[in-house]
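Novice: Have a look at this one before I ask anything.
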Amino acid sequence: MSKFAAYPVDKNVKSYDEYKFTLPEVYRELAKDELREDDVVRTKALAEMRQWIVNNPHIRKCRMDSKFLLRFLRFRQFSVPMACEALEQYLTMREMYPSWFKNLDTSNDKMKELFNCGATSIMGQDSNGRTVVFFRIARFVPEMFEPPVGGIFIALLIEAMLEWEEVQIGGLQVMVDYTDMDLKLFEKWGSSELKLIMEAYTRWYPMRYNDTHAAKLPKKALPVIEKILSFTNPKIRERINCYANVSEMEKHFEPSMAPKGYGGNVDLDGELNPAMWKRIEQQRDVILGLDRMEIDYDYYAPIWDQQNAGLLVRLAPQRRVVCYIDIHIIQRQYHVPTILEMFQKFAPHLLRIQLTAVRLWQ
């Protein structure tokens, strides 16, 4: 059940919330050293960004609260022009791909099932202020992680974490255990879909990533992992460390945070994960309230198309013209990404028409 109400999205409000820094001192130091943030810089930047939003006729509705805008200012180290650009990218992403990045609902049974399988654990903050996220990939059931559901699940977690200021400042440290990974996990994922989610997670969401530590990647999974990494922000790729065995990876858990089975005593399945999901559920209305933000789609869509010409997966909002295509499919294993890739190869000019629905005739 949601504990917090959705934030207003009227950008022409008469007054704004008065921001107060309430985090532990480690975050004040991190913010100063890594983000160039202090009370004076923050106050000035928030005022400038709010004025820019008010003056921008193409952003029609937007959250104006400090915590939301600080996502982007911290992401861009308080460069107001770059933060405004990041905001535009984020808002446009949500409009261009609503079936992936809108209606992120913790009450959705599929979201609950994916979290309860125990593959993803948001473990809290280490002594350096980083939020540790731990993936046990073998626990993902391929049938549950198919597109777009798997992508929606990760987007939901990112939106939830971005509401926490300790994540905005300290960023994430990602730990991945690939032991006994099911090689079918990404079987249904096409290149276009993988590119879409990795662009979103590492470029368009204002999330800061620190080191990633991964272990026991099966050799047969290397091609798909390399493909995923090819779509990742190069700066993030440089911070990925891979190990042949789990014992090397688990050294990067702080002793107090190490899970059972990984050199520590933290009970992920019995205590930590249920408590974390409850915290995420409390933000349900806040996350769904993001869908009320609005931009001038006709203005931003051509800009997006120009900047992301290689990105083919597009499930457009209702305003976009819908083109239905009847295709005779002989084999059941054909799916939408395959069809889109065929168009890319043989009829790229048709991709200028929005392919939002494909009728599969058996």
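Novice: Which value, in debye to the nearest 20, gives the size of the charge dipole of the chain about its Cα centre, when Lys and Arg are +1 and Asp and Glu are -1 at the Cβ?
Specialist: It comes to approximately 760 debye.
Novice: Taking Lys11 as the anchor, which lysines have their alpha carbon closer than 23 Å to its alpha carbon, excluding any fewer than eight residues away along the same chain?
Specialist: By straight Cα distance, Lys11 reaches Lys20, Lys44, Lys61, Lys67, Lys102.
Novice: Can you compute the modelled spin-label distance between Asp17 and Glu254, with each label point 7 Å from Cα toward Cβ, in nm?
Specialist: Taking the two extended label points, one gets 2.6 nm.
Novice: How much length is gained if the chain between Val149 and Val224 is pulled fully straight, taking 0.36 nm per residue apart and subtracting their Cα-Cα distance, in nm to one decimal?
Specialist: 25.2 nm
Novice: Using the alpha-carbon centroid of each, what span in Å lies between segment 135-181 and segment 239-256?
Specialist: Rounded to whole Å, the Cα centres lie 18 Å apart.
Novice: Follow-up. Net charge around Lys102, counting only other residues with Cβ within less than 12 Å of its Cβ (Lys, Arg = +1; Asp, Glu = -1)? List each step's numbers first, then the result.
Specialist: Values: positive: Arg94, Arg292; negative: Glu95, Asp105, Glu159, Asp291, Glu294.
After counting each charged neighbour, the total is -3.
Novice: Heavy atoms only, probe 1.4 Å: what % of the accessible area of the chain goes to carbon and sulfur, would you let me know?
Specialist: Carbon-and-sulfur percentage of accessible area, whole number: 52.
Novice: Identify, among Ala200, Gly129, Leu268, the residue whose Cα sits farthest towards the positive end of the charge dipole of segment 109-287, taking +1 on the Cβ of Lys and Arg and -1 on the Cβ of Asp and Glu, with the dipole about the Cα centre.
Specialist: It is Ala200, whose Cα lies furthest towards the positive end.
Novice: Based on DSSP, what percent of beta bridges with both residues in the chain are antiparallel, to the nearest 5?
Specialist: 25 percent
Novice: Still on this structure, I have one more. Which of the peptides 160-169, 104-113 is most tightly packed, and how do the rest follow, going by the mean number of other Cβ atoms within 10 Å of each residue?
Specialist: Details: 160-169: 20.8, 104-113: 15.4.
Ranked from most to least packed, the peptides come out as 160-169, 104-113.
Novice: Shifting gears a bit: In straight Cα distance, which aspartates and glutamates are under 19 Å from Lys219, not counting same-chain residues fewer than 8 positions off?
Specialist: Once the sequence-local aspartates and glutamates are set aside, what remains near Lys219 is Asp177, Asp180, Asp182, Glu187, Glu248.
Novice: In square angstrom, what is the accessible area per residue of the chain with a 1.4 angstrom probe?
Specialist: 49 Å²
Novice: Can you give me the solvent accessible area of Arg60 with a 1.4 Å probe, rounded to the nearest 10 Å²?
Specialist: Counting only protein heavy atoms, Arg60 exposes about 120 Å² to solvent.
Novice: Then there's this: Between Ser247 and Asp109, what FRET efficiency comes out of the Förster formula 1/(1 + (r/R0)^6) with R0 = 56 Å and r the beta carbon distance, rounded to 0.05?
Specialist: So the FRET efficiency works out to roughly 0.95.
Novice: Now for a separate question. Counting only helical runs of four or more DSSP H residues, what would the 222 nm mean residue ellipticity of the chain come to if each run contributes -39,500 (n - 2.57) and the total is spread over all its residues?
Specialist: -12000 deg cm²/dmol
The values are calculated or read from the model by the stated rules, or taken from the named source; none is laboratory data. None of these values were measured; they are calculated from a predicted model. Reconstructed Cβ throughout: ideal geometry from the backbone, glycine too, with neighbour counts over all protein chains shown. Quick note on the areas: whole protein, heavy atoms, side chains included, nothing else; ligands and nucleic acids left out. Shrake-Rupley method; radii C 1.70, N 1.55, O 1.52, S 1.80 Å.
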